[in-house]
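Structure in structure tokens, see below.
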Amino acid sequence: MGCLLAVVALVVPRFVLVVAFLTTDWFKRAFEVNLWPVLGILFMPYATLAYLAAMLNNNHALTGAWLVLFIAAVVVDVAHWGGGGHSYRRVVRR
């Protein structure tokens, strides 16, 4: 079941985050302020998933491999923003 959740999270991270937010206490345990998960779901879903996993599995520390995973997730989220803008500019030129 855990592997299925991981695959679904890679495809539709916002859906998984919303379901986890509504059905578990993971966000309460990982974040001190409720604003950060909401902003994360909206703007950086992969980074939010990586941070959530690191906080729950690494005793509230972002170190080692968890830090590498978090940085990779931030890069993927930022790449999605840049890729969307590039596609929009290409369509507008035509």
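Which order, highest average first, do 35-45, 17-27 follow once you tally other Cβ atoms within 10 Å for each residue and take the mean per peptide?
Values: 35-45: 16.1, 17-27: 14.5.
Sorting 35-45, 17-27 by mean packing, highest first, produces 35-45, 17-27.
If you take the charge dipole of the stretch 2-93 about its Cα centre, with +1 on Lys and Arg Cβ and -1 on Asp and Glu Cβ, which of Val78, Ala61, Met44 is farthest toward its positive end?
Checking the options against the dipole of the stretch 2-93, the answer is Val78.
Using the Cα atoms as the points, what is the convex hull volume per residue of the chain in Å³?
Convex hull of Cα atoms, per residue: 108 Å³.
Please give the contour-minus-distance gain from Val19 to Leu39: 0.36 nm per residue of separation, less the Cα-Cα distance, rounded to one decimal in nm.
Extra length available between Val19 and Leu39 comes to 5.6 nm.
Every number here is computed from the coordinates shown, using simple stated rules; none is lab data. The structure displayed is predicted, hence computed values, not measured ones. Cβ coordinates were reconstructed from backbone atoms using ideal geometry, including for glycine residues, and neighbour counts include every protein chain displayed.
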